[in-house]
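Right, one structure below, let's go through it.
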Amino acid sequence: MKVRVFTLRSRGKRTPRSEASEGIAGDLRMDSMMHGSEIHSVARLCQRAELSCVDREVLPPLYSPALVALGEASLLLRGFQAVDGVAYVQEWRCVIER
């Protein structure tokens, strides 16, 4: 699904609206991935270069994503992101692009 993601937290702390960015465009993917001996559900934001078959992650994966809110053309996911080996709560506001 083509979306524009706005990250709402930095290292677990809510980012003030005045610091809000323009978001990052990409394809929202929901997968399961092996991490050590455990399987985790993840949300990934990927981009694919033209004439390529390889996806490139543009944000760190969101582990254990949960759908928190659903709007007319957007959704809010909450999960955990790893930064320098530490897991922090992260929220993605995903605006669907058409």
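Taking region 40-80 as the range and being of a type in the set (S, T, N, Q) and over 12 Å from residue 5 (Cβ atoms) as the test, the residues that pass are 41, 52, 64. Here is a list: 29, 14, 48. Which entry is free of Cβ contacts under 8 Å to residues at least 40 places away in the same chain and farther than 16 Å from residue 79 by Cβ? From the options 29, 14, 48, the qualifying one is 48. When residue 34 is tested against (1) loosely packed, with under 15 Cβ neighbours inside 10 Å; (2) touching an Asp or Glu at 6+ places or on another chain (Cβ under 6 Å); (3) over 17 Å from residue 1 (Cα atoms), just one condition goes unmet, and that condition is (2).
Every number here is computed from the coordinates shown, using simple stated rules; none is lab data. Here the structure is a predicted model, which is why all the values come from computation and not from measurement. Counting neighbours? That spans all protein chains shown, and the Cβs are built from the backbone with ideal geometry, glycine included.
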